[in-house]
Amino acid sequence: MKRVCICVVVTLGIFSSSIAAPEKIERKITTEFSPDQIAVYSFLLKSYRTLLKPSYRDMLAQDFYLEDETEPFDIKEVKPGRGCLKRIDLEDLPKEEIPTVHRLLEQKWLPSYVKSAAGVKCVDSPKSNSQICWQTEVALSLTEILFDKSHTHALVGFGVRCGLQCGWGEIAILEKVAGRWRWQAVCEEWYI
């Protein structure tokens with residue numbers, strides 16, 4: 001039961017931009033990406049067919065929606081020295097009261113098939129008289145990236161949301177081998 005509660009809290013944290021109005025969430029937004037950040041995000045966006053669970057990747061193949069901004073990464077969700085973080089020395093995190101996130105949309109390096117998640121539509125049954133949209137088209141969200149001190153490992157969260165009771169996500173470790181990023185391990189995984 002405790003694991004289910006933790007997963008729900010993590011999921012709500014990652015997908016909070018779809019729950020709360022963006023203007024009510026205080027954060028600093030930047031459009032400046034380092035080459036390593038661009039390489040990691042590009043790897044995730046180009047590899048979604050192999051990284052995502054089949055049902056979610058199939059839904060994204062119809063229309064690839066991406067959240068406009070990254071979500072802050074909360075390292076408390078993944079314990080150092082546990083499983084995927086063994087022998088990985090993460091960079092020190094800045095002590096910011098207001099988190100900094102990146103604006104993803106309108107970046108020149110994004111694949112051409114990426115659309116803003118602001119365009120996601122409700123796909124509930126037409127028979128539903130509810131004012132709440134329980135099921136939507138799928139949108140991908142990404143967290144900020146945490147690098148190790150050598151910038152050969154990256155810890156990043158990504159997930160899909162498809163409504164109030166539909167979603168999946170994971171926190172993964174990527175590894176840079178011969179100058180290219182590749183998937184190494186899953187640290188956490190959750191479903192809604």
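Does GLY163 count as small (Gly, Ala, Ser), surrounded by 14 or more Cβ atoms within 10 Å (Cβ to Cβ) and assigned to a loop (DSSP other than H, G, I, E, B)? Yes; evaluated as a whole, the condition is true for this residue. Just checking, how many residues over segment 131-160 are buried (at least 18 other Cβ atoms within 10 Å of the Cβ), more than 21 Å from SER116 (Cβ to Cβ) and aromatic (Phe, Trp, Tyr)? Counting residues in segment 131-160 that are buried (at least 18 other Cβ atoms within 10 Å of the Cβ), more than 21 Å from SER116 (Cβ to Cβ) and aromatic (Phe, Trp, Tyr) gives 1. Considering only segment 17-32, I want to know if a residue exists there that is assigned to a helix (DSSP H, G or I), at pLDDT 80 or above and small (Gly, Ala, Ser). Within segment 17-32, not a single residue is assigned to a helix (DSSP H, G or I), at pLDDT 80 or above and small (Gly, Ala, Ser). With respect to the stated conditions, GLN165 is touching a residue at least 24 places away in the same chain (Cβ under 8 Å) and farther than 15 Å from SER42 by Cβ.
What residue, among those in segment 125-144 that are touching a residue at least 24 places away in the same chain (Cβ under 8 Å) and over 20 Å from LYS53 (Cα atoms), is farthest from the chain's Cα centre (by Cα)? Of everything passing the filter in segment 125-144, ILE132 is farthest from the chain's Cα centre (by Cα). Scanning segment 69-82 for residues that are under 17 Å from HIS153 (Cβ atoms) and open to solvent by 60 Å² or more (accessible area, probe 1.4 Å), we see that the one that is modelled with the highest pLDDT is LYS79. None of LEU52, LEU12, LEU66, LEU85 is buried (at least 19 other Cβ atoms within 10 Å of the Cβ) and at pLDDT below 85 except LEU85. Across segment 95-127, the number of residues qualifying as part of a loop (DSSP other than H, G, I, E, B) and open to solvent by less than 90 Å² (accessible area, probe 1.4 Å) comes to 14.
The values are calculated or read from the model by the stated rules, or taken from the named source; none is laboratory data. Remember, predicted model here, so these are calculated numbers, not experimental data. Note that we place each Cβ from the backbone using ideal geometry, even for glycine, and neighbour counts take in every protein chain shown. Side chains included, ligands, DNA and RNA excluded: accessible areas come from the protein's heavy atoms. Shrake-Rupley method; radii C 1.70, N 1.55, O 1.52, S 1.80 Å.
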